[in-house]
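Input: a single structure, listed below in structure tokens.
Values quoted throughout were computed directly from the atomic coordinates according to the rules given, and no laboratory measurement underlies them. In this text, all values refer to a predicted model and were calculated from it rather than measured experimentally. Neighbour counts are summed over all protein chains in view; Cβ atoms, including those assigned to glycine, are modelled from backbone coordinates with ideal geometry.
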Amino acid sequence: MPQLSRFLTLAALFVLTAAAATTLVGAQEPVDREVIARITAEANDHSKVGETFNHFVNIIGGRLAGSKAHKQSADYARSKLTEWGMKDAHLEPFPFGRGWELEQFTLEMTAPRYFPLTGFPEAWTPSTKGTITAPAIYLGDKTAAEIEAMGDKLKGAIILAQKPQRAFIRRDRFQPALNAESVRTGAPPAERSEYTTPLRSMEPILRKYGAAAVIRASQGEHGTFFVQGGQRTTSPDATPSVVIVAEQYNMMVNAILGGLPVQMRLALKTQLSSADTNSYNVIAEIPGTDPVLAKEVVLIGAHLDSWHTATGATDNADAVSAAMEAMRILQAIGIKPRRTIRIAIWSGEEEGLLGSAAYAAAKYTGPANQTNADNLSVYLNDDPGTGPTYGWYMEDNEAAKAIFDAWLEPLKAQGTVKNVIGPISNTDHLSFTKLGIPAFTAIKEYDTYDVREHHTNADFAERVSEAGLTQSAIVLATFAYHTAMRNEKIPRMPFAPGSRPPL
């Protein structure tokens, strides 16, 4: 009995201490649970997020920056934000370069037997000269000098450029919110594709002698292939380039190495356009109401552009739909934010964070924009991963993490887990952190993301749940609201602008 009494006394002290700590946190950082309840009810009872998401991925489809589909999706986002009552919904152009459209593509092995091949042309690759039936020539084991010596044998041939693909992407990135220990954030290292002659050295020789096309293997497995492209590095007269599933590529190479000639048929028609060399960010806002703080801005955002091999469901239509829904929810429940809450829907992220970088340069960079930069309280970004939001990557900002921890706590019932102090790379918040502006990216689910979805032919709507979209919108609306209402801005980044070491 004495031991039991001692245990109960310690337990009671623990509860009292925890209650005191909770009260202290609440006193330091107010949490408006009544507004969170209203946000949650609006999200669950009157959701538009599934409709928005469906329009992006199934009505419009893939949204390569500079394409007609991207402009169509940007116009749609602007129109919906206007319909929902946002102010000053508009498109902001930034220089991008040539647009590119895929108009026709078929690829087949015609000998030693017929076999349809699965792949996709790289973005910005030029067309072939009509339908080509040609021998496949394997150059994966040849030096540049040996390729040069082949000369006119390369003319009109379809080139298998690399060695058989033996290394595959077989694991997703670690999930920092679900691990007790600190883990590396960001995508896992890419697996290697092996070339005797690197493609950058091989391609000028292929162009010189008139090769018809170059075929490469993906690092994906089980029919998954990863395809991107180089808008700024692909010449209009480059050798047309196609990436196919590794197992099929390996099959053809092994046939050739076994002494069996392979023949292929390829039809590839693309269209380059210089009629409009801009791409477009979408901007809209809920104006602030405080006479002093209304000039300050809480910025939320995500990138709308995608790659072209699927419909960009998880990268990144889900996040755009959730961000738009967060704005709709806040407008629908009639909040009167002290600060202005603004949404930015970026383009050109896949080509190097181009849209967010252009916006940050125009609005927040240099002495003339210092006041604007000082008045940006925070940027909240949603991009890598899919499904529910677990918390935020806090970019080593301990002071901001204490605030975000208080706001995350009442959302635990919605499936949030924790904020992680470490940073993450390769997404649009970096356009702001390098300026010393606090900017944070949502922590999402990564199950099958890197192996199956990210930049692949499998990034379709079936990878996304409406429940996850709704939860993400609730979390984003909650954080945007609380940031807009607090007395002070979010604490600035714990390093001087431009001085942070590379991740």
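Descriptive notes on the structure:
- Ranked list, fewest to most other Cβ atoms within 10 Å of each Cβ, for HIS308, HIS55, HIS303, HIS454: HIS55, HIS454, HIS308, HIS303
- Cβ crowding within 10 Å ranks ILE137, ILE490, ILE341 as ILE137, ILE490, ILE341, fewest other Cβ atoms first.
- ³J(HN,Hα) computed for each position of the range 277-285 - Karplus, 6.51 cos²θ - 1.76 cosθ + 1.60, integer Hz, glycine/proline x: 9, 8, 10, 9, 8, 10, 10, 7, 7
- Under 5 Å between amide hydrogens, built in the peptide plane, is the criterion, and for THR441 it picks out ASN381, TYR393 among residues at least 5 positions away or on other chains.
- Close amide H pairs (under 5 Å, H built 1.01 Å from N) link ASN278 with PHE96, GLY97, residues at least 5 positions away or on another chain.
- Relative contact order (percent, whole number), the chain, Cα cutoff 8 Å, 6+ residue spacing: 21 percent
- If the segment from GLU146 to VAL183 were pulled out straight at 0.36 nm per residue, it would be longer than the present Cα-Cα gap by 8.8 nm.
- Alpha-carbon centroid distance for the pair the range 154-184 / the range 221-289, whole angstrom: 16 Å
- Cα-centred dipole magnitude for the chain, charges only on beta-carbon of K, R (+1) and D, E (-1), debye, nearest 20: 580 debye
- Charge dipole (the chain, unit charges on Cβ, about Cα centre) - positive-most of MET251, PHE440, LEU206: LEU206
- Taken one residue at a time, the phi angles of the range 58-73 give Karplus couplings (6.51, -1.76, 1.60, θ = phi - 60°) of 9, 7, 8, x, x, 10, 4, 4, x, 8, 4, 5, 5, 4, 4, 5 Hz. Gly and Pro are set to x.
- Farthest towards the positive end of the charge dipole of the chain, among the residues TRP307, ALA467, GLY352, is the Cα of GLY352, using unit charges on the Cβ of Lys, Arg, Asp and Glu.
- Overall, the range 454-496 carries a charge dipole of about 320 debye about its Cα centre when +1 sits on the Cβ of Lys and Arg and -1 on the Cβ of Asp and Glu, all other atoms neutral.
- Gyration tensor verdict on the range 99-273 (Cα atoms; rounded if a/c is under 1.5, prolate if a/b is larger than b/c, oblate otherwise): prolate
- Residues whose amide H lies under 5 Å from that of LEU117, counting only those 5 or more places away or on a different chain, are LEU107, GLU108, MET109; hydrogens are built 1.01 Å from N in the peptide plane.
- Along the range 239-250 the Karplus relation, 6.51 cos²θ - 1.76 cosθ + 1.60 evaluated at θ = phi - 60°, assigns HN-Hα couplings of 5, x, 10, 10, 10, 10, 4, 4, 4, 6, 4, 4 Hz to successive residues, with x for each Gly and Pro.
- Global form of the range 302-358, assessed from the alpha-carbon gyration tensor, a/c cut-off 1.5: oblate
- Cβ crowding within 10 Å, taken as a proxy for footprinting-reagent exposure, orders SER73, SER127, SER79 from fewest neighbours to most as SER79, SER127, SER73.
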